[in-house]
Each structure stands twice: as C-alpha cells, then as structure tokens.
Amino acid sequence: MKDFAALLDALIFTPSRNGKLRHMQAYFATAEDPHRGWGLAGLTGGLDFKSAKPALVRALVEERVDPALFRWSYDFVGDLAETVALIWPAQPGANRPPSLDEVVTRLRLAGKSEVPGLLAGWLDALDATGRWALLKLITGGLRVGVSARLAKTALAEFGKVDVAEIEEIWHGLEPPYGPLFDWLEGRGDRPEPNESVAFRPMMLANPLEDRDFESLDFAAYRAEWKWDGIRVQLVARNGERRLYSRTGDDIGRAFPEIIEAMDFEAVLDGELLVVRDGLVAPFNDLQQRLGRKTVSAKLLESNPAHVRLYDMLFEGGDDVRPLPLDQRRQRLESWYGAGRPRFDLSDVLPVAGREALAALRAEARTAGIEGLMLKRADSAYVAGRPKGPWYKWKRDPLTLDVVLMYAQRGHGKRSSFYSDYTFGAWRDSEGGDELVPVGKAYFGFTDEELKQLDKWVRDNTVDRFGPVRAVAPGLVLEVAFDAVHPSTRHKSGLAMRFPRVKRIRWDKPADEADRVETLAALVETA
Amino acid sequence: MSAPHPETWLQTRPEGLYCLPGDFYVDPHRPVGRAVVTHGHADHARPNNEAVLATPETLAIMRARYREQAGGTLQPLRYGERERIGEVEVSFAPAGHVLGSAQAVLEWRGSRVVISGDYKRRRDPTCPAFEPVPCDVFVTEATFGLPVFTHPDDGEEIRKLLTSRALFPERTHVVGVYALGKAQRVICRLREEGYDRPLYIHGALQALCDLYRELGVALGELRPATATSKQEMMGEIVLAPPSAIADRWARRLSDPVVVLASGWMRVRQRAKQRGVELPLVMSDHADWPELTRTLEDVGAPEVWVTHGSEEALVHWANGQGFRARALSLIGRGEEEQEVA
Ligand SMILES: [Zn+2]
Ligand SMILES: [Zn+2]
C-alpha cells in the first residue's frame, strides 16, 4: 500500500504529462506483483469492489475524535478524506499495514456490513498518506489527473512496447494482470487478445497542412464530413457487445441504447452523436452523457445517442481491414441495407476538385460538423496515424476580439508565469458598458509571447486574490474557438469550445473589442 | 504569603507582553525601552529596541539582519544563566526552534512563568533540544494547533527529495525554505542523509548560512545560485526563499521541480495552491502531538495559548484539566502563516 500511496501522492502534485509518466514507470518497475497490477487497475478504472460512502467514513472518525476538534480541522482542511486521513488517531503496532492486494481482495469478497470494520482496522495501521490513498480508493474516484490511456502509455514505456499493442490485448486481460507483466518483463509470451470483444487500435488522420493541400492528388481521395462528436468503435461478436472510445476505454455503460441496438456481428467505426429529429445536436449535449455509470430515463429521452458509421473493420469473423477503403465502404453499405435504428451512414461527398472541396469546407458551418475528412480510396485500415492515407481538414475557427480580465499562475514549467487568462467581452449595463467574462484560454501563444503577457499582467495588476491577478482592461486578445453554446456556468450565459489565443492585439484599444451580442450570434442552432 | 498570580504581573499591551515588576517586554512588536527576545525570527525580534536581552546566538542573528538597528545595548545571556531585571529573575532554556531560540523563564516572588516563544520537540541538528521547565503558567504557541497536524519524520521527507532527484536527473530541484532555521536544517539533514554535492543557495540565504557556520554548524559546500547556466544546474538542488521558488527568479533553473519545506504542506490543497510539485512536510514548530505532550511534560496548571489555532488547543487543554485561555498578541504568527 505504501508505494501505491506514494505514487498517488506524487501524481496529484505533478503537473506535466512526462512527469506523471516517469512516476508511473518507476512504480511499475519497483512495486511487486500482484500489488502493481491492482495499482494499474486503480489507475485505469478497473477496480470493482465494495465502496464506502463518505458518511460511513465520517461516522467512523467521529467515534474516535472529539467533535469540536474534528469540526475545526475539517473547516481548515476542507476535504473530508484528507481531514480523516490526517486526524485519524494512529494505533502504531496495533496491526500490520495492509498490502494493496490485501485491501483489494478482501474488499471484493466482503459483505457490506464487514466494510466498516475492515476499513477502521486498516486506518489504524496505515500512516497518513496510506490512509489518504485508502480513503480515495474506497470512496471511489482516485482523481489524480491520470487517464487510462496515460497509465497504459506509462506501462508501454516501462515494457518498451508500443501502446497500441497493449490496447489490442487490454480487453482480454483481468487485474492484477500477471501475464501482462510477465510479457512486459520478458518472462512470458504476449497474452492473446480476447478475439470476441477486443478493441482494435484505430486508424487516425493527420491534419491537412497548406502544403499538403497544394500537392494532394484529389482524385485518389474520398471526402466525408468531419462530425463533431466522439469517435467510437462498436464491437459485437459472439453475443457480446462493447462500445469503445478512441483510446480503447469501454464507454458502453453510458450509452445503453447504443448497446441495445447492436444486434449484429461486426466491428464498426463511426461517430457518436446526439441526434434529435435527424439533426445533430451541439457537442455539449453529448458531453452531458459522458462519464456516467448509469443514465436516467429522462436523459435518454432528452439527449438520445446515435452513431454515424463510416468504416467497417470486421464483418462477422471476416477481418476486412486489409481491404481498400472503397471495398470496405461497399461492405458497410450492403451490411447496412435499408437502415438500422440508432445508426446511419456518413455520406461520401463528391470530390469535384480542389476549389469545390475548399468551398465545401468553408460552408461546413452547421452544427455537428467540424470540417472535412479526406481518405484515400485505396487505403487499408491500419492502426495509428500513418502520414498520407487520411487527412482531417478542419474548418477555420471562429474568432473574437476580447479583453484580458484576470490572469492566473500556471503549473509546472509555467508556475512562474501568469499563463491562464480569463477574458471578457463588452455588454450594456446601467452604468454604461461593462466587461463580462466569456472564456478562459491558456495556450495558443509562443514562449516569447508568454513572457510579454506575463510582464503585461504584472505591470497592469489592479487586484490580487491568491494566485489570480485582476488586470486593468487594456489588452485585447484575438481568441479562436471551435464553437460557442449556451451555458449556465458563465455569467455571460455562453461558453466557447477549445478557446485559444490566436493573436495578441497590442495595437487595438480595449473599447474596440467585441461585444457579448456578437458572440451570442455565433451560437449554432441545430 | 502565597505567590502572586501571573495575571497580576504580566499584561498584554499594544507593544506586546509586558512584565510589570521588571519593566520589560517579551518579544515586543514595536520598539520599547527594554526587550527580552526569545529568538531571531522577525515576528519575535524587532529592530530598534533600546536594550535587548537574548541568547548570544539570537543577538548575532539580530545583528546580521538589522545591522546598526539591532538595538541600543545588546546583552547576551546563555542558556541556564540568570539575570535580574528590576525585581524579576530572567533565564533562558532551549526551545529547539532555531539556532539560539530560547524559552524565557520569568520568576517573581515565588511565581514562575515560562514564555516558550516558538518551539519544537524533534531533533534538529542545528540547535539544542527543548527543555521542559516546571512553572505556574506556560505560554505556548499553537501554529499547528489542530489534530490534523502530525509532522512526519523529517528523514522520510528528505529522502523524498533525494528520490525525486534520482527520478528527474535532468531537472533542478528548487527548495523553498525560510532563511533562518529551515534553510540550515534542510542543508544539515541532506548532509546527514549522505548528500555531499555542493548545494546552491539564493542570495537571500547567504548571510544567515555564513553566520550558522561561524557559530559552529557545518553545512558542507554552498555555492551561490546566481551566475550559473541552466546546463550546470541540471540535477542540482537549490535552496531559496519561498517567495522566489515559483517566481521569475526560478526561470534561470533547468525545468525546476518546485519543492517547499513547510508544515503547511501537510494539507494538499495548500501545496497545490502554491504550485508546489514536491511538498516536504518539515516544520520548526511543534505539531499537535508535540504541543499536547509539552503541556503534559511542563505540567503548568495554567496555559496561555498564542499565535495559531488557539481555540482548538485551549479546548483540548481545558478538557484535560488545565486552566487554558487564548492570549492575543498583535503581529505574532505572521511569518508562520507563510512558511512554518
Ligand atoms: Zn519563530
Ligand atoms: Zn513565531
């Protein structure tokens, strides 16, 4: 438990991706089996055992600590699990601290009524960091800023294999992953992928750069809309059904209506969308469906999910990935036939030359479309991001001239810089024009520009609150963003998708920046 | 005749805690005629008092910090020696907080008060350990006066730093430390854990490190952190004041790992707010178990609690049968909020 607790502790403080990878690799290299396998399962969301509610944890601590002291402490610390971890009266020598294996296996077998006793015994024996990690584990959700994909990447680097190889076999594996570690450490063969429901690493597109555009042989390509949803892989084999995200995460539980509709034998590639009356809803509507363990009937009704298919990897037991795109498309179309509920096919658009295509992309402004995909007609379906066969050609972003309002210190390499910017647009108020925040951006500028922005913030600070500085309204930023949608989280009632700083308008007076109404007019209606 | 109750001869005044029969203040907040100073931290030792009584080490620290404004007459008093001021016998006992730190022991007509200043009970290679002195009233700090504060063993924290250095050999570890006490303790503990490379220090730490050495504390090789290239700083450990570690000064370092050594690092949210990547829970102040154990060790029937979470310690002490109350002193604890 000690090394896993130390890992979690390090991960929450480490801002950079590389730093997190380094910590995880060190853990895989030093922790022992089976503990590191359970640790891996914890990081990839693969632990399934009796959890404990915060109320139980609170009740346990209140039996042991003076209530007034607990209240003052909780007020000071602010987080229940951390307060309990710190205030729990240690019973050194009461018993031996549990290993991670012991915690996981006993919780898996325990009845609900046994959980409090187990937990209290372990809390007595662990140190403060161990107690904190145990409480995070048992109350669900480690939240240490590590995705399943990142954990697998660390594992791949640790074992010196490609992460796609791990993803391909992942869904045939069970924690604590003994055979996987044996293979990565050269003691065993590569585990066989579970053929029926394994995730197949996806084929990804490169962005189309200007120079590619000039030299592209358009006749050899097919075009499709680039849908603004989530890329998914649907696997239905031998009666089992899975819905995977691009990184191989199983997201089927959040989309039961899709799983239910998968009454076929195939592996398909498509875009997950929310579609109402045949129209694609804004991405935000899909976002509300993500990350849920269960979905309410109300949400199923209000935000119905749909998959727009564009490729086929397997038909029945037939691996069609080596076939050219045109042939795979034919197989997809004949398989689809007259139609299937919850699914449709993404149109193949005519490519009538360079100019026509550019015009098509420029028009791609309706909701749900991010731009164009260009795929070579003869391309086989291969894992990864090969350069050449597939391109994505996003439409130009929307832009707005906004005024810098607040700046916050960044993390990691940027911790000495004010690098996170909240910006606003003008609107009418009783006392004349006022600025109201419309978004936040922390990338899009060069290192050199960051230095200039940082200096400007320091020179124009009017107020400070902790790591945040309020600045005088004097600097205009041109921000680019992919879309804007209504939001109750922002005072302006609007939220931007992927805002980034496109240009610093040192030249432009703040009172000539854009107004909230201009932004509101960019909201796309489905 | 029974001994007078300390409430009758010690008062809180705007300048600080005043001893009537001796006509002096202990750790006055503003310049006064006569001051007894427990230790060199700026919330206890202020400049420009007319006369100062303190340990020789504390006086040396005050001279290094305040130069000619250290005070009019500076009178040294060693641990265990006695000095009469007015009608009051004054002596110093080690507080284990920083070099020269002392508890002020005041006796008048058979009644004894110990004003402990800031203290800790753990081993610190840079100063002698705290000695409990029996008394009628014990004045205690309560910087970490909540039961969530149990500082871990400092060896474990120092080894965290060394482990991180091994994991990120291309990065510079920049450790935020308070210039008086914490800096030298971290250096000594690194040496004790076997780290013998040169340590790089921010200019603001230089004078006090020099002074500690003069006073016999070995620190190994120290180099100024200025005028070095990023290349040279790869894999090195730099010590700097907390205000510098995540600010422009740190940009000269090679992809720094921001480290902060402070008791406040026990609370993760505090560490995250400050952008700390490696928090080291190391304090020169007593944690909750040390505070409560000290009240028991000293055994004073009455306890006055100052700077920190007074209410929690007062509540605990009253529950244990002490007569305890909060003593509010202006300006105290400001430094602790920052970097204890
Ligand atoms: Zn102090
Ligand atoms: Zn103090």
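The values are calculated or read from the model by the stated rules, or taken from the named source; none is laboratory data. Every value quoted in this text rests on a predicted model; they were computed, and no experiment measured them. Please note: Cβ atoms are built from the backbone with ideal geometry, for glycine as well, and neighbour counts cover all protein chains shown. Side chains included, ligands, DNA and RNA excluded: accessible areas come from the protein's heavy atoms. Shrake-Rupley method; radii C 1.70, N 1.55, O 1.52, S 1.80 Å.
A compact table of results
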quantity: Filter result (in contact with a helix residue (DSSP H, G or I) (Cβ under 7 Å, 6 or more places away or on another chain) and in a strand (DSSP E or B)) within region A:390-420; calculated: A:Tyr391, A:Trp393, A:Leu400, A:Val403, A:Ala407, A:Tyr418, A:Ser419
quantity: Residues satisfying the stated conditions in region B:165-174, i.e. touching a residue at least 24 places away in the same chain (Cβ under 8 Å) and either under 30 Å from B:Leu313 (Cβ atoms) or within 8 Å of chain A (Cβ to nearest Cβ) (or both); calculated: B:Phe168
quantity: Filter result for A:Asp48 (in contact (Cβ under 8 Å) with a residue 40 or more places away in the chain, in contact with a Gly (Cβ under 8 Å, 6 or more places away or on another chain) and more than 11 Å from every other protein chain (Cβ to nearest Cβ)); calculated: no
quantity: Residues being over 17 Å from B:Val258 (Cα atoms) and basic (Lys, Arg) - total across region A:1-17; calculated: 1
quantity: Candidates B:Ala93, B:Ala166 - the one that is outside the structural domain of B:Ala218 (by TED's automatic domain parsing) and of a type in the set (Gly, Ala, Ser); calculated: B:Ala93
quantity: Selected residue (only one of A:Glu434, A:Glu448 is without any contact (Cβ under 8 Å) to a residue 12 or more places away in the chain and either open to solvent by less than 10 Å² (accessible area, probe 1.4 Å) or not in a strand (DSSP E or B) (or both)); calculated: A:Glu448
quantity: Candidates A:Lys455, A:Lys387, filtered to the one that is outside any strand (DSSP E or B), within 14 Å of chain B (Cβ to nearest Cβ) and at negative phi; calculated: A:Lys455
quantity: Region A:272-294: number of residues that are open to solvent by 80 Å² or more (accessible area, probe 1.4 Å), under 16 Å from A:Trp227 (Cβ atoms) and of a type in the set (D, E, K, R); calculated: 1
quantity: Tally, over region B:129-161, of residues that are among the charged types (D, E, K, R) and within 16 Å of ligand 1 (Cβ to nearest atom); calculated: 1
quantity: Among (1) assigned to a helix (DSSP H, G or I); (2) open to solvent by 30 Å² or more (accessible area, probe 1.4 Å); (3) modelled with pLDDT under 90 - the single one A:Leu107 does not satisfy; calculated: (2)
quantity: Residues that are open to solvent by 20 Å² or more (accessible area, probe 1.4 Å) and either under 21 Å from B:Asp118 (Cβ atoms) or within 20 Å of the chain's Cα centre (by Cα) (or both), drawn from region B:257-279; calculated: B:Arg266, B:Arg270
quantity: Members of region B:310-320 that are open to solvent by 10 Å² or more (accessible area, probe 1.4 Å) and either under 17 Å from B:Asp136 (Cα atoms) or within 16 Å of ligand 1 (Cβ to nearest atom) (or both); calculated: B:Val314, B:Asn318, B:Gln320
quantity: Members of region B:100-128 found to be among the small types (Gly, Ala, Ser) and either within 13 Å of ligand 1 (Cβ to nearest atom) or open to solvent by less than 10 Å² (accessible area, probe 1.4 Å) (or both), listed by number; calculated: B:Gly100, B:Ser101, B:Ala102, B:Ala104, B:Ser111, B:Ser116, B:Gly117
quantity: Subset of region B:10-27 [modelled with pLDDT under 95 and either open to solvent by 20 Å² or more (accessible area, probe 1.4 Å) or in a loop (DSSP other than H, G, I, E, B) (or both)]; calculated: B:Gln11, B:Thr12, B:Arg13, B:Pro14, B:Glu15
quantity: Strands (runs of 3 or more DSSP E) fully within region B:48-163 counting 1 or more residues that are within 14 Å of chain A (Cβ to nearest Cβ) and not acidic (Asp, Glu); calculated: B:137-142
quantity: Subset of region B:294-320 [at pLDDT 95 or above and more than 14 Å from every other protein chain (Cβ to nearest Cβ)]; calculated: B:Thr294, B:Leu295, B:Glu296, B:Asp297, B:Val298, B:Ala300, B:Pro301, B:Glu302, B:Val303, B:Trp304
quantity: One residue from A:Asp189, A:Asp127, A:Asp182, A:Asp162 being open to solvent by 20 Å² or more (accessible area, probe 1.4 Å) and within 14 Å of another protein chain (Cβ to nearest Cβ); calculated: A:Asp127
quantity: Qualifying residue in region B:234-245 (condition: over 23 Å from A:Ile12 (Cβ atoms), within 12 Å of chain A (Cβ to nearest Cβ) and at pLDDT below 95); calculated: yes
quantity: Residue that is surrounded by the most Cβ atoms within 10 Å (Cβ to Cβ) [pool: residues in region A:1-28 that are more than 19 Å from B:Leu161 (Cα to Cα) and within 14 Å of chain B (Cβ to nearest Cβ)]; calculated: A:Phe28
quantity: Region A:351-372 - residue that is hydrophobic (A, V, I, L, M, F, W, C) and open to solvent by less than 30 Å² (accessible area, probe 1.4 Å) and, of those, modelled with the lowest pLDDT; calculated: A:Ala367
